[in-house]
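As structure tokens, the structure follows; a few thoughts come after it.
The values are calculated or read from the model by the stated rules, or taken from the named source; none is laboratory data. Since the structure is predicted, the reported quantities are computational estimates derived from the model, not experimental observations. Here the Cβ is made from the backbone with ideal geometry for all residues, glycine too, and neighbour counts use every protein chain on show.
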Amino acid sequence: MNPILRKSMLGTMTAFLAMVSANLRAQAPNAPTALDASPVGATTFTANWSAVPGATSYKLDVSTSPTFSVPSTPTDLIISEYVEGSSGYKAIEIYNGTGAGVNIAAYSLRRGINGPLSTVAPTGTILPNNSTWVIAYAPGIAPDLQAVANQTTSFGMMNLDGNTAIYLRKTIPNSGGVIELVDSFGVSGEAIPWGVDVTLRRKASVIQPTLNYVTGDADVYATNDISGLGSHTMNNFAPSFVPGYEDLTVNGTSQVVSGLTAETDYYYRVRAFDANGTSINSNVIHVKTLPTINYVTQVMAAQCGGELASINSYIAATQLPNITGYRFEVTDTETSAVQTIDRTQNYFSMRMLDSYQYSKTYSVRVMVQYSGVWVGYYGPTCTVSTPEVLGPGKAATINPSQCGGVLPTIATLISTTSLPAVTGYRFRVTNLSDPSAPNQVQIIDRGHLHWFSLTMLPRFNYGTTYSVEVAIRTTDDYSPYSNACEVTAPAVPSLVDCGGSVENGSSFVSVASKDRVDMYRFTIRNVETDETSVIDNELNWFRFNNLPNYVPGALYEVEVSVMVSGYYSLPGIACQITAPGAARQAFEKNALENDFAEAAGFEATAYPNPFSDSFGINVSTQAGSGFDIKVYDMTGRLIEDRKISADAIQTFTFGEKYPTGVYSVILNQANNVKVLRVVKR
């Protein structure tokens, strides 16, 4: 290819592409999509539309008509056509679009300047609606004009030659001949060439007569064109917009439209605007404002300020007529978190929300939807509380039958109430008995299970009192903890033969075997010398042979601790026993002393026996010294240890707080010993 030709073609193509690109860039933006109005009130609504890429603003129209125009009835007759042609083509057409017949005899035409100022009055009487009256100049009239003329005249004012306005006048009835100008057609003055050799026909959009003629209000036709003479078309629709909302510039994609009338149909459309121009109109959205009735409702008075019976209970608003929806706004009064739920029914439950919790207070208010449109405002606020389950004696605390009691076993389940909608139970367990023990506070999560046992904790032990609190979870984090409840683990065991004598050094001195115990610790103290020894054993016993340098026949006090989950408990109740080696001699000595005591008149009996509330001791003795009295249960545990004077023994009572069982009572007075057995029913 010729290089010069090739270069020329490339240049042409480049120029063409640049022109196409410029044309593309110059295009007006796309039309936005008008969206449903929301919210809608009685005197206001918010118009919404989609964003258009590149648009810098938007133009909003609001009307009471879907066509953004309304029928408009002329207030009077108008001059509808002006014919100023060659000789034989001079005429004026008058049109009645008022919607009723008009007495045309009350009207007249008058020329402004540039010619005779005489008037011409129509010769007819009643001009029907949507009819014309044509007055033509008679001398030399053209046959086709003669055919359509309603009236001809030789008055010189109708010999039209341009450059003057024509006025339509009317005599006011019963005014004594007062005349008013009704309409004007044309511009007066030779300096302004107008209306020469032309037919001028009023546009269909011109509806009302005017005394301020606008040149653009008429369409121009060729000389001697009378094709439209004798009929006239009027478009009786005028543009109609809500005041202040015609071509309103908006710098966003929504606009509040206010100052409206209740229960009225409104329509809006929108156009996008940028530097290249304005888009075509969007689709039209219909909006009906609400009635002036104040559609306000709230939670029913019976529930307002109250506590729900169940987490499943419905919260209901007062029902209103013709309402298509209820919107509940629920606010957590502690965190201010807000949730909304839309319902066709006038009620909801907390479990329908994404987030809810027991023992909480929520503020609730209600908005209604009328005829498918939300009214845009809420009713009064009302507080509603979910069931209180964390306070003293409430459902989420530990079972009252366990509170303040002793567990039957170390593995006994400690439980709270199973509650609807709870997805997690958390137990906080605090050691109240031993401040030095590890894991003073322990927390255990049990998922949907509403119970646990001490054996599930990293640390637990016998003879320990624990404070137990419960937190629950529904949809979010755990609640605060419930009111505390004290639960005591089974007692640390004492010696089986409490108060007895050990037969020999190889005899087992034992305690009851307990579940989950890893080690038993026996702390053994010589009562007379206060010398103390400690024996740790995996088994539930020790032997005096394991005790270095024990004193045969001596009285020893034994305390027991147990090791569970890696640490020792606090000691249980101390128990006294007699070491082996002198037991037989002591028994024989006591037997002789008892025989002597009986011979000396030392007698004691318990009454009533068996007893249900308390018992007393009737003593017969010649000695005047006081009594040492010890009471043991059948496990050998020392229940009561008292010193009572001789004169008080007959009135003293025992056993008021004893549980049902069999007890041994040992009386000692001045080496006189008496053993009694009593039974509490």
Would you point out the residue of segment 395-407, among those that are out of contact with any Pro (no Cβ under 7 Å at 6 or more places or on another chain) and over 13 Å from residue 472 (Cα atoms), that is surrounded by the most Cβ atoms within 10 Å (Cβ to Cβ)? 402
Can you tell me which of (1) touching a residue at least 40 places away in the same chain (Cβ under 8 Å); (2) over 36 Å from the mean Cα position of the chain (by Cα); (3) buried (at least 17 other Cβ atoms within 10 Å of the Cβ) is the one residue 425 doesn't meet? (2)
Looking only at segment 330-350, count every residue that is surrounded by 14 or more Cβ atoms within 10 Å (Cβ to Cβ) and part of a strand (DSSP E or B) and tell me the total. 9
Condition first: surrounded by fewer than 16 Cβ atoms within 10 Å (Cβ to Cβ) and modelled with pLDDT of 90 or more. Now tell me which residues in segment 532-550 satisfy that. 532, 534, 536, 537, 538, 539, 545
Looking at 368, 364, which is the one that is within 20 Å of residue 387 (Cα to Cα), out of contact with any Lys or Arg (no Cβ under 7 Å at 6 or more places or on another chain) and either in contact (Cβ under 8 Å) with a residue 24 or more places away in the chain or surrounded by fewer than 17 Cβ atoms within 10 Å (Cβ to Cβ) (or both)? 364
Hits in segment 286-318 - residues which are of a type in the set (Val, Ile, Thr) and either surrounded by fewer than 20 Cβ atoms within 10 Å (Cβ to Cβ) or assigned to a loop (DSSP other than H, G, I, E, B) (or both): 289, 292, 293, 296, 297, 311, 318
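Rundown of residues vs (1) at negative phi; (2) in the same structural domain as residue 140 (by TED's automatic domain parsing); (3) surrounded by 13 or more Cβ atoms within 10 Å (Cβ to Cβ), yes/no style:
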{"site": "157", "(1), (2), (3)": "yes, yes, yes"}
{"site": "163", "(1), (2), (3)": "no, yes, yes"}
{"site": "177", "(1), (2), (3)": "no, yes, no"}
{"site": "197", "(1), (2), (3)": "no, yes, yes"}
{"site": "207", "(1), (2), (3)": "yes, yes, yes"}
{"site": "213", "(1), (2), (3)": "yes, yes, yes"}
From 389, 330, 384, 364, which residue is in contact with a Cys (Cβ under 6 Å, 6 or more places away or on another chain) and modelled with pLDDT of 95 or more? 364
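Conditions (1) part of a loop (DSSP other than H, G, I, E, B); (2) within 27 Å of residue 399 (Cα to Cα); (3) assigned by TED's automatic domain parsing to the domain that holds residue 631, marked per residue:
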{"position": "419", "(1), (2), (3)": "yes, yes, no"}
{"position": "429", "(1), (2), (3)": "no, yes, no"}
{"position": "437", "(1), (2), (3)": "yes, yes, no"}
{"position": "458", "(1), (2), (3)": "yes, yes, no"}
{"position": "472", "(1), (2), (3)": "no, yes, no"}
{"position": "482", "(1), (2), (3)": "yes, yes, no"}
{"position": "498", "(1), (2), (3)": "yes, no, no"}
{"position": "516", "(1), (2), (3)": "yes, yes, no"}
Any idea which of (1) within 32 Å of the chain's Cα centre (by Cα); (2) assigned to a strand (DSSP E or B); (3) over 21 Å from residue 70 (Cβ atoms) is the one residue 272 doesn't satisfy? (1)
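Matching residues to (1) touching a residue at least 40 places away in the same chain (Cβ under 8 Å); (2) touching a strand residue (DSSP E or B) at 6+ places or on another chain (Cβ under 6 Å); (3) among the β-branched types (Val, Ile, Thr):
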| site | (1), (2), (3) |
| --- | --- |
| 468 | yes, yes, yes |
| 485 | yes, yes, no |
| 489 | yes, no, no |
| 503 | yes, no, no |
| 513 | no, no, no |
| 523 | yes, yes, yes |
| 529 | no, no, yes |
| 535 | no, yes, yes |
| 544 | yes, no, no |
Hits in segment 613-660 (condition: in contact (Cβ under 8 Å) with a residue 24 or more places away in the chain, assigned to a loop (DSSP other than H, G, I, E, B), in contact with a strand residue (DSSP E or B) (Cβ under 7 Å, 6 or more places away or on another chain) and of a type in the set (S, T, N, Q)): 614, 621, 625
Against the definition (assigned to a strand (DSSP E or B) and closer than 23 Å to residue 491 by Cα), how does residue 663 come out, yes or no? yes
Looking only at segment 351-407, count how many residues are farther than 20 Å from residue 299 by Cα and in a strand (DSSP E or B). 2
Quick count over segment 315-342, residues being in contact with an Asp or Glu (Cβ under 9 Å, 6 or more places away or on another chain), of a type outside the set (Lys, Arg) and closer than 18 Å to residue 290 by Cβ, is 2
Yes or no: residue 137 touching a helix residue (DSSP H, G or I) at 6+ places or on another chain (Cβ under 6 Å), crowded, with 17+ Cβ neighbours inside 10 Å, under 19 Å from residue 229 (Cα atoms) and not acidic (Asp, Glu)? yes
Mind checking which pairs have a first residue in segment 397-418 that is touching a residue at least 60 places away in the same chain (Cβ under 8 Å) and a second that is aromatic (Phe, Trp, Tyr) and assigned to a loop (DSSP other than H, G, I, E, B), Cβ under 8 Å, 6 or more apart or different chains? 410/460; 410/462
Considering residues of segment 470-491 that are more than 29 Å from the chain's Cα centre (by Cα) and buried (at least 21 other Cβ atoms within 10 Å of the Cβ) only, the residue farthest from residue 310 (Cα to Cα): 489
Can you tell me which of 316, 238, 275, 302 is free of Cβ contacts under 8 Å to residues at least 24 places away in the same chain and either of a type in the set (A, V, I, L, M, F, W, C) or on the phi > 0 side of the Ramachandran plot (or both)? 302
Segment 650-666, subset aliphatic (A, V, I, L, M) and at pLDDT 85 or above, residue surrounded by the fewest Cβ atoms within 10 Å (Cβ to Cβ): 666
Based on this model, can you work out whether residue 262 counts as exposed (fewer than 13 other Cβ atoms within 10 Å of the Cβ), outside the structural domain of residue 97 (by TED's automatic domain parsing) and in contact (Cβ under 8 Å) with a residue 12 or more places away in the chain? no
Here is a list of conditions, (1) crowded, with 19+ Cβ neighbours inside 10 Å; (2) out of contact with any helix residue (DSSP H, G or I) (no Cβ under 6 Å at 6 or more places or on another chain), and residue 327 meets all of them except one; can you say which number that is? (1)
Residue match in segment 219-230 (condition: at pLDDT below 90 and either more than 55 Å from the chain's Cα centre (by Cα) or outside the structural domain of residue 57 (by TED's automatic domain parsing) (or both)): no
